[in-house]
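Participant: Dropping a structure here in structure tokens format, bear with me for questions.
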Amino acid sequence: MSNNVINVIGGGLAGSEAAWQIAQRGIPVRLYEMRPAKMTPAHVTGQFAELVCSNSLGSDLPDRAPGVLKAELRRMGSLLLECAERASVPAGGALAVDREVFSRLVTDAIKAQPLITVVPEEVTSIPDGVTIIATGPLTADALAADIARLVGDEYLYFYDAIAPTVIAESIDMSIAFRASRYGRGEDEAGDYINCPMTREEYERFVAAVLEAETIELRTFEQEDSQFFEGCLPIEQIARRGFDSLAFGPMRPVGLTDPRTGRRPHAVVQLRQDNLAGTLYNLVGFQTNLRWGEQRRILRMIPGLEQAEFARYGMMHRNTFLNSPSHLQPSLASRQRDDLFFAGQITGVEGYVGNIGTGLLAGINAVQTVRGELPWVLPPTTMLGALCHYITHADPADFQPMKANFGILPALENAPRGKRDRQRAYSERALADLEAFLIAHDTVAPPH
């Protein structure tokens, strides 16, 4: 590997964004991606920025935390946000994408950038020179072992679970109904398909989930395993209490069953998964149940009795650093100033958070090559707050974190109302980002 270019390891969300940001600033970059020659348990293609869990990038509303983060990344010239908007599918106030179109757009842009050289091979050790490691939750064993040697024993594992996807025409729309919570969404009929449940139907469903067989994790995967709260499989949630699912992914608030004119006891929401509208995924229904059990139990959901499944749920390993011990707010390693980490391996959760850390790591890799100070974004911005959190949390019980208003510094004289307060946080974040970029004489690089 040459020291004359910046190395980016991993062609996922963070790595793709990092490589793009570097090249757009006139620095050559080598983007290493082992797929498709060597696949992971969760990926199915060799495309860049493949989404392996949900197809939603979260809320796009300006007074929601994910919406604030998206606004910041748009201002900073994110390639992947632009691709996501071009590949978007209806999802109420959220930004959801056709995952195949999204990955293709990112792949085409990366391959067309003349300063990006794609190297289709596995990296087994950390290279010399300015480098970004963005290998994600499924970092290959050899590189993971080398990272572990660098950071010591504080290297952790948890598990992500993927939600099932059904063929739209197999959903019984005489039972299911279209609606977005509280009537949000572009389509008057609603962007989500909802499968309502009575109390009795819910109780039978939960009992079946609790009795179902799960896929056993391999021995090495069971050691020190932990689940991230934001991506718990439904069987884990159900074990916390009989009504846990009704207060979690099956909460019925903001929805009215047109057959009864009342709010159902529980509801399963399905979100459009592709532009053609032929596939829908079960929102929040990540699971590690055996596939035969999934087919049987998910067909207990009203409206899905004859459902055809394009993909069943599965669980995969997710690897991340103890970032408070090992990363600086610039995302540089505490052991090596020219080594950056980005994406889920840093402990930032959510697709847009991963994109954001890739963007910042890319900028800071360029700053390092130029002999300039790396950027540390204001903690009043959502991306700055995420980077501050993962590098300042208590290392003893560090858990991954996604964008939320709770990690932002408190507002003086904050409005009393929740929505007014969130709008104030949003306005401050964007104003402080703008002031930061002006101070650094920065405009977003052209695409």
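Participant: From the list 427, 412, which one is farther than 23 Å from residue 12 by Cβ, at pLDDT 95 or above, assigned by TED's automatic domain parsing to the domain that holds residue 55 and out of contact with any Ser or Thr (no Cβ under 8 Å at 6 or more places or on another chain)?
Facilitator: Going through 427, 412 in turn, the sole match is 427.
Participant: Let me ask you something else. Would it be correct to say that residue 185 is modelled with pLDDT under 95 and not assigned by TED's automatic domain parsing to the domain that holds residue 122?
Facilitator: Yes; evaluated as a whole, the condition is true for this residue.
Participant: Something else: Against the definition (part of a helix (DSSP H, G or I) and either exposed (fewer than 12 other Cβ atoms within 10 Å of the Cβ) or modelled with pLDDT of 95 or more (or both)), how does residue 206 come out, yes or no?
Facilitator: So residue 206 passes the test.
Participant: Could you list all residues from region 384-408 that are closer than 18 Å to residue 71 by Cβ and either polar (S, T, N, Q) or surrounded by fewer than 16 Cβ atoms within 10 Å (Cβ to Cβ) (or both)?
Facilitator: Hit for region 384-408 is 404, nothing else.
Participant: State whether the residues of region 419-428 include one that is surrounded by 12 or more Cβ atoms within 10 Å (Cβ to Cβ) and in contact with a strand residue (DSSP E or B) (Cβ under 8 Å, 6 or more places away or on another chain).
Facilitator: The answer is no, given that none of the residues of region 419-428 is surrounded by 12 or more Cβ atoms within 10 Å (Cβ to Cβ) and in contact with a strand residue (DSSP E or B) (Cβ under 8 Å, 6 or more places away or on another chain).
Participant: Sticking with this structure for a sec: For region 55-75, which residues satisfy the criterion of being surrounded by fewer than 22 Cβ atoms within 10 Å (Cβ to Cβ) and out of contact with any strand residue (DSSP E or B) (no Cβ under 6 Å at 6 or more places or on another chain)?
Facilitator: Scanning region 55-75 gives 61, 62, 63, 64, 71, 74, 75.
Participant: I'm checking my understanding of the structure. Among residues of region 34-45 that are buried (at least 17 other Cβ atoms within 10 Å of the Cβ) and under 19 Å from the mean Cα position of the chain (by Cα), which one is modelled with the lowest pLDDT?
Facilitator: Among them, the one singled out is 42.
Participant: Which residue pairs have Cβ atoms closer than 7 Å, lie 6 or more positions apart in sequence or on different chains, and pair a first residue in region 317-333 that is closer than 15 Å to residue 132 by Cα with a second residue that is assigned to a loop (DSSP other than H, G, I, E, B) and basic (Lys, Arg)?
Facilitator: 326/334; 327/334; 328/334
Participant: Condition check: surrounded by fewer than 23 Cβ atoms within 10 Å (Cβ to Cβ) and within 24 Å of residue 405 (Cα to Cα). Does residue 80 satisfy that?
Facilitator: No; evaluated as a whole, the condition is false for this residue.
Participant: Would you pick out the residues in region 234-259 that are of a type in the set (S, T, N, Q) and either part of a loop (DSSP other than H, G, I, E, B) or farther than 14 Å from residue 210 by Cα (or both)?
Facilitator: Residues satisfying the conditions are 244, 256.
Participant: Next up: In region 389-413, which residues are part of a loop (DSSP other than H, G, I, E, B) and touching a strand residue (DSSP E or B) at 6+ places or on another chain (Cβ under 7 Å)?
Facilitator: Passing the criteria: only 400.
Here's the yes/no breakdown for (1) part of a strand (DSSP E or B); (2) in the same structural domain as residue 371 (by TED's automatic domain parsing); (3) at pLDDT 95 or above; (4) among the charged types (D, E, K, R):
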residue: 280; (1), (2), (3), (4): yes, no, no, no
residue: 285; (1), (2), (3), (4): no, no, no, no
residue: 293; (1), (2), (3), (4): no, no, yes, yes
residue: 296; (1), (2), (3), (4): no, no, yes, yes
residue: 304; (1), (2), (3), (4): no, no, yes, no
residue: 329; (1), (2), (3), (4): no, yes, yes, no
residue: 340; (1), (2), (3), (4): yes, yes, yes, no
residue: 356; (1), (2), (3), (4): no, yes, yes, no
residue: 359; (1), (2), (3), (4): no, yes, yes, no
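Participant: Another question about this same structure. Suppose we filter 386, 430, 377, 437 for residues that are touching a Gly at 6+ places or on another chain (Cβ under 9 Å) and not in a loop (DSSP other than H, G, I, E, B); which single one remains?
Facilitator: Only one candidate passes the filter, namely 386.
The values are calculated or read from the model by the stated rules, or taken from the named source; none is laboratory data. Owing to the predicted nature of the structure, the values given are computational and were not obtained by experimental measurement. Counting neighbours? That spans all protein chains shown, and the Cβs are built from the backbone with ideal geometry, glycine included.
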